[in-house]
Amino acid sequence: MGVLLQGFYFAPGRVAGVPSPLDGDKAVPFWWDHLAGQAQALAKAGFTAIWLPPPLKGASGSFSSGYDLFDDYDAGSKNQKGTTPTRYGSREQLQRCAAMMRANGIDVYVDLVENQRDGDDGHFNFKYVDAVGAEGGGRFAKGPGDFHPNVSEDPGVFSDQFQFGRDLAPINGIPKDHCGKGLLDAADWLTRALNLQGYRLDDAKGVSTIFVQRLLGHGAMANKFALAEFADGNIQLIQDWANAVQHRSAAIDFPLHFVLKNMCNDPESFDMSTLDHAGLAGVDPLGAITFVENHDTDRGGIGGPIVRNKMLAYAYTLTSEGYPSVFYRDYSTDAQCFGLKPEIDPLIQIHEQLASGPTLQRWKDGGVFAFERMGGEHLLVGLNKDASVSRSITVQTEFPPNTQLHEYTGHGVPVSTNANSQLNIVIPKNDNGKGYVCYGRPSKLQPFSNSPKITTQDFEGAGDLDILPALENERVLVSRVFVAANSTVEAQFFFDSAHWTKNSAIQLDAEDPTSTKVGGAKFDQNSRQGSGFSFVARREGFHSFFVRSSSTPPQNAAPAYRLRVAYTAPQSLPKETP
């Protein structure tokens, strides 16, 4: 099923979110570049997807972690709320980060905030700057009719107990469909701009389940993966929500997190037998995103953090059923992170290459839980909560009689089943969470490959967006894309030719990092929409695209357009990047 990395955290001592040069320390890299620089290593560790924080401009500007979302069309490219880049970096840095993840075979999910907006004028009015920075001309302005309580609560909302900003009304908003269609179109724009493979849905309790289904079936979002933050310990309530959205989205497994937190923080009073098919994963493994910690729990929210024995929880989530998520702060060796990478990496290998199929409980009592994964070559896992003593248990298995088994975490010794396929194992004492073993048939676990994937990103130019339209006899920079050497770049161009004459045209040119022209085409009223050109990038680095219009009519003096670029990014960043 893969392993997901939650690719951000809220750094202690910072105003909000991850470390950022916008706090004043220019030695700190922007987060998008910091992640891009790790893309190759993350793929080699076995991560198959990364969840990025909300990438759009927040009301608190440079202090925003993204959850106080302000402008649906500002991914770090407009000068608003006191900054052009977001806390995480510029749009260009974000798109390079996404492309480099794809170049290493990693899927990219972003956090979608569909419940609230923040940063209005105090009267539910939201206005944004346009492509030239003029106030009020930006796309998807909002007014009082787009929000509750100015209109009635949407159907299919499970809870509006917590207000994190102005509460959006995609179903009941006035005028009809203004809010809903605006949100759908903006999410479609972001998906195409980044070539996303999925989403984390923030505060799913507060968003209409009717709208969630529309969102995940609209445009570029159709058939993409989704996981929802339904922050509740009630498994039945989460299942009710999953049924309401027709299982279009998985749900983050908070019930399991609460169990694991109790196991780790208070092992003396915890009953290990309660791990048997625990949490949402215990009843709906395909619909459950299991996790040990996240950005909210880590800083005290939603039940608070796991403060000791954390690896025992990861040993469970990375060997049991469900789609596991690893928290960046737990994994990373960055300053102020917990540096669990050496312990987590072997468990990722076990998850991806050994742990499969349904689960059969093999031992459970107050201190020990053991289970067998029944798929593939099988895997036997034993967990011991006791910090003072190891435990020796004999369990029945489905391994053949007299089969030698290898322990894959380094916490145990080789053992063999007896003539009845029973196995005696010793589970070490729970020293700082390391009370676990994982047994399987001897085999050499294979290193992970990071097969490069092409990324396809859209760049739209229009007066009310963040990229300029095509201007008469003026060279306009559309975008820069970070391309691997000796790889093919394909450009497709779509344009608004309304009212054009036979002399009207847009010239599209591409240049390599040395400003040498490497491709170009002229588009007139007879040109086919989506036509373009391709070239082989001889150099690694940023390749730039420019447009220039000519003889455009007064009724369409600055034509809008969409440039679609398919390319392969490098798998790693050079030591110095422009």
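For segment 430-578, a simple Cβ point-charge model (Lys and Arg +1, Asp and Glu -1, everything else neutral) yields a dipole of about 680 debye relative to the Cα centre.
Accessible surface comparison of Arg299, Arg441, probe 1.4 Å, protein chains only, largest first: the order is Arg299, Arg441.
Since only Phe211, Ser62, Leu35 are under comparison, the one whose Cα sits farthest along the positive direction of the charge dipole of the chain, derived from C-beta charges on Lys, Arg, Asp and Glu, is Leu35.
The residues of segment 434-578 have, on average, 47 Å² of accessible surface per residue, using a 1.4 Å probe with all protein chains present.
Over segment 100-146, the pair-distance histogram of Cα-Cα distances with 5 Å bins from zero comes to 5, 15, 17, 16, 12, 11, 11, 8, 3, 0 percent, rounded to whole numbers. When +1 charges are put on Lys and Arg Cβ atoms and -1 charges on Asp and Glu Cβ atoms, the dipole computed for the chain relative to its Cα centre reaches about 1440 debye.
Over 23 Å between C-alpha atoms is what I'm after, so list which of Lys26/Lys575; Lys205/Lys385; Lys364/Lys385; Lys224/Lys575 land there.
The answer is Lys205/Lys385; Lys224/Lys575.
Extension gain for the segment Gln555 to Arg308, taken as residue separation times 0.36 nm less the Cα-Cα distance, is 82.3 nm to one decimal.
Averaging the Cα positions of each part gives two centres, and for segment 292-326 and segment 510-573 these lie 45 Å apart.
Each Lys or Arg adds one and each Asp or Glu takes one away; over the other residues whose Cβ falls under 13 Å from the Cβ of Thr516, this sums to 0.
When you restrict to C-alpha pairs under 8 Å that are six or more residues apart and normalise by the size of the chain, the relative contact order lands at 13 percent.
In segment 280-411, the ratio of gyration radius to Kirkwood radius, Rg to Rh, stands at 0.97 when only Cα atoms are counted. Three semi-axes describe the equivalent ellipsoid of the chain; taken as square roots of 5 times the Cα gyration tensor eigenvalues and ordered largest first, they are 47, 27, 20 Å. Here the calculated FRET efficiency for Ser392 and Thr274, from their Cβ-Cβ distance with R0 = 22 Å, stands at 0.50, rounded to the nearest 0.05.
Considering helices alone, the calculated mean residue ellipticity of the chain at 222 nm is -5000 deg cm²/dmol, with DSSP H runs of length four and up weighted by -39500 (n - 2.57) and normalised per residue. For segment 1-112, the share of accessible area belonging to carbon and sulfur comes to 53 percent (1.4 Å probe, ligands and nucleic acids excluded). Charge dipole of segment 97-144 (Cα centre as origin; +1 on each Lys and Arg Cβ, -1 on each Asp and Glu Cβ, all else neutral): 160 debye, rounded to the nearest 20.
Counting only DSSP beta bridges with both residues in the chain, the antiparallel share comes to about 75 percent. With contacts defined as alpha carbon pairs under 8 Å and 6 or more residues apart, what's the relative contact order of segment 355-511 in percent? Computed value for segment 355-511: 16 percent relative contact order. In this rough spin-label picture, where each label sits 7 Å from Cα along the Cβ direction, the Arg475-Asn125 distance is 4.1 nm.
Here segment 405-502 was treated as a single set of alpha-carbon atoms; its pair distances binned every 5 Å from 0 give 2, 8, 12, 11, 8, 7, 5, 4, 5, 6, 7, 7, 6, 5, 4, 2, 1, 0 percent. Working note: Cα atoms of segment 355-468, range along each principal axis, descending, whole Å: 74, 32, 23.
To the nearest ten degrees, helix 235-244 and the longest principal axis of the Cα atoms of the chain are 40 degrees apart.
Counting only Cα atoms, segment 286-326 measures 28, 22, 13 Å along its principal axes, largest extent leading.
Taken along the Cα-to-beta-carbon direction at a fixed 7 Å, the label points for His247 and Ala220 span 2.9 nm. Accessible area per residue for segment 98-211 is 34 Å², calculated with a 1.4 Å probe on protein heavy atoms, without ligands, DNA or RNA. Applying a DSSP loop filter and a limit of 10 other Cβ atoms within 10 Å to the trypsin sites (Lys or Arg not before Pro) in segment 439-496 leaves Lys444, Arg475.
Taking only Cα atoms of segment 225-294, what ratio of Rg to Rh do you get with Rh as the Kirkwood inverse-distance radius?
Expressed as Rg/Rh, it is 1.00.
For the pair Asn432 and Gln236, the difference between a 0.36 nm per residue extended length and the Cα-Cα distance amounts to 67.2 nm. Here Ile174 and Asp365 are evaluated by their C-beta separation; at R0 = 51 Å the FRET efficiency comes out at 0.30. With Rh defined as the Kirkwood radius, the inverse of the mean 1/r over Cα pairs, the Rg/Rh of segment 335-418 is 0.99. The residues neighbouring Gly303, those whose beta-carbon lies less than 12 Å from its own, together hold a net charge of -2 under the Lys/Arg +1, Asp/Glu -1 convention. Using the empirical formula 2.2 N^0.38 Å as the baseline, the Cα radius of gyration of segment 144-248 reaches a ratio of 1.05. The packing ranking of peptides 3-11, 244-252, highest mean first, is 3-11, 244-252, where packing means the average number of other beta carbon atoms within 10 angstrom of each residue.
For the peptides 267-275, 538-546, 522-530, 458-466, residues were scored by their other Cβ atoms within 10 Å and the scores averaged per peptide; the highest-first order is 458-466, 538-546, 267-275, 522-530.
Viscosity 1.567 mPa s, temperature 4 °C: what is the translational diffusion coefficient of segment 483-578 from Stokes-Einstein with a Kirkwood Rh over Cα pairs, rounded to a whole number of µm²/s?
Working: Rh = 14.4 Å.
The diffusion coefficient I find is 90 µm²/s.
The simple Förster model, with R0 at 45 Å and r as the Cβ-Cβ distance, assigns Asp25 and Gln529 a FRET efficiency of 0.45. Residues with beta-carbon under 12 Å from that of Phe147, excluding Phe147: net charge, scoring Lys, Arg +1 and Asp, Glu -1? Neighbour charge sum, excluding Phe147 itself: -4.
Pairwise Cα distances in segment 10-118 exceed 21 Å in 34 percent of cases.
Of the peptides 351-363, 198-210, 125-137, 313-325, the ranking by mean beta-carbon count within 10 Å, highest at the top, reads 313-325, 198-210, 351-363, 125-137. Compared with the direct C-alpha span, the chain from Ile454 to Asn486 gains 10.2 nm at full extension, assuming 0.36 nm per residue.
Straight-line cross-link partners of Lys502 among the lysines, defined as a Cα under 24 Å from its Cα and at least 8 positions apart when in the same chain: Lys522. Each residue, Lys181 and Ser544, gets one label point 7 Å from its Cα in the Cβ direction; the gap between the two is 3.8 nm.
The values are calculated or read from the model by the stated rules, or taken from the named source; none is laboratory data. Remember, it's a predicted structure, so these values are computed and weren't measured experimentally. Cβ coordinates were reconstructed from backbone atoms using ideal geometry, including for glycine residues, and neighbour counts include every protein chain displayed. Keep in mind that these areas ignore ligands, DNA and RNA; they rest on the heavy atoms of the full protein, side chains included. Shrake-Rupley method; radii C 1.70, N 1.55, O 1.52, S 1.80 Å.
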